[in-house]
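Quick notes on the structure that follows.
No lab work stands behind these numbers, since they all come straight from the coordinates. This is a predicted model, so every value here is computed, not measured. Cβ coordinates were reconstructed from backbone atoms using ideal geometry, including for glycine residues, and neighbour counts include every protein chain displayed.
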Amino acid sequence: MKNLMIKNIPMFADLRDDILEKIYNLMQRRVYKRNNMILMEEDFGDTLFILNRGSVKITRLSDDGREVILSILGEGDFFGEMSIFDGESRSANVVALEDSEVYILKRGDFIDLLEKHPKIAIALLQELATRLRKSDQQIEGLSLSDAENRIGMTISRLAEELGVIKMGQVVIHNLPYQQDIANMAGTSRETVSRMLTLLQRKGYIQKRGRKLIITNYDEFVKQFG
Ligand code: CMP
């Protein structure tokens, strides 16, 4: 059934099928190719985006023109809610990291849903609390750690956001490019490359093409979490 797809979105997880159907009918589907800009910082916006397939990076430009990656979002995640709530322009750029499919909801329809279904509002608040917690960790990590630890922390974060856990191992199927990892960790691509080789040699990770496996996730988080 067509509403099955939105059942997998955490924000809508607990809703009845007839309500899911109504929400589905309010949404508009759009697809983006890898590297397409979905939202641009400073643009006006009053729509919410739900990522059904693919992944996106949330970025801003630093004063000296470098791309800083604030976060990477994967399937089932939403974005665009900040402008909806505070009425300001878009707070960051959103760029497709791979071919992606999104569903879009208009501000009025979204606010209506939040008023009628508190479960959606609670799930949304949970996710916003998680994002704030991650941002706090990122600020701490960027200011306190050396480049190598920052890369370890970034991989740990990517595992949380994009990885699949199975028997103590985490597999990231579509590891972002080394330049993107560098822009998340606030370091250079060369340092990322060196650190990935070192982590492999020490047995923490295995890398095959775009696939990265963290061999013992608990241990990795203890070291870099
Ligand atoms: P909005 O400001 O409307 O447009 C850009 C979107 O990027 C924003 O809403 C959020 O959905 C998302 N975003 C901004 N900062 C972060 C962050 N630190 N972590 C995750 N998502 C973010």
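Can you give the percent of C-alpha pairs in the chain whose distance is more than 29 Å? Counting pairs separated by more than 29 Å, the tail of P(r) holds 30 percent. Normalising the average separation of contacting C-alpha pairs (under 8 angstrom, six or more residues apart) by the number of residues puts the relative contact order of the chain at 18 percent. Sorting 165-175, 134-144, 66-76 by their mean Cβ neighbour count within 10 Å, with the most densely packed peptide first, gives 66-76, 165-175, 134-144. Mean residue ellipticity, 222 nm, helices only, the chain: the sum of -39500 (n - 2.57) across DSSP H runs of n ≥ 4, divided by residue count and rounded to 500, is -14000 deg cm²/dmol. Legend: translational diffusion of the stretch 64-173 by Stokes-Einstein, Rh = Kirkwood radius over C-alpha pairs, 10 °C, 1.306 mPa s; D = 96 µm²/s. What does the convex hull of the Cα atoms of the stretch 45-101 come to per residue, in Å³, rounded to a whole number? So the per-residue Cα hull volume is 79 Å³.
Per-peptide packing, taken as the mean over residues of other Cβ atoms within 10 Å, places 41-52, 120-131 in the sequence 41-52, 120-131 from highest down.
Distance from the alpha carbon centroid of the stretch 1-70 to that of the stretch 155-225 works out to 25 angstrom.
Each Lys or Arg adds one and each Asp or Glu subtracts one; over the other residues with Cβ under 13 Å from the Cβ of residue 121, this totals -3. Here's the picture: a label point sits 7 Å out from the Cα of residue 219 along the beta-carbon direction, and within the stretch 160-181 the residues with their amide nitrogen under 20 Å of it are 160, 164-172. Note on the chain: dipole from Cβ charges, positive end direction compared against 49, 92, 158; the farthest Cα belongs to 158. Hydrodynamic estimate: the Kirkwood radius of the stretch 4-138 over Cα pairs, inserted into Stokes-Einstein at 25 °C and 0.890 mPa s, corresponds to D of 159 µm²/s.
Counting only Cβ charges, +1 for Lys and Arg and -1 for Asp and Glu, the dipole size of the chain around its Cα centre is about 1000 debye.
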